[in-house]
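Data block below; observations after.
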């Protein structure tokens, strides 16, 4: 039986919400294996001088917990 763990991350990018989501995945995949999905929980934009300067996402990343006794 598979066990899945969920972690919550915040990420941002000046290039949009999709780029911020990709950044969250890129950083998470440096230390987490077998990522199954990303759920975007919240969106936020940072505004400076009437212009959006950064796009932020709050994401939940799901990944399978490895079984160390599996051959």
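A few notes on this one:
- Selection of the range 17-71 for residues being over 19 Å from residue 6 (Cβ atoms), in contact with a strand residue (DSSP E or B) (Cβ under 6 Å, 6 or more places away or on another chain) and surrounded by fewer than 12 Cβ atoms within 10 Å (Cβ to Cβ) yields 52, 53.
- Within the range 13-36, the set of residues being within 20 Å of residue 63 (Cβ to Cβ) and either assigned to a helix (DSSP H, G or I) or in contact (Cβ under 8 Å) with a residue 40 or more places away in the chain (or both) comprises 20, 21, 22, 23, 24, 25, 26, 27, 28.
- Condition met for residue 12 (surrounded by 11 or more Cβ atoms within 10 Å (Cβ to Cβ) and in contact with a helix residue (DSSP H, G or I) (Cβ under 7 Å, 6 or more places away or on another chain)): yes
Each reported figure results from applying straightforward, stated rules to the coordinates on display, with no laboratory input. Quick caveat: nothing in here was measured; it's all calculated off a predicted structure. Methodologically, a virtual Cβ is constructed for each residue, glycine included, from the backbone with ideal geometry; neighbour enumeration extends over all protein chains shown.
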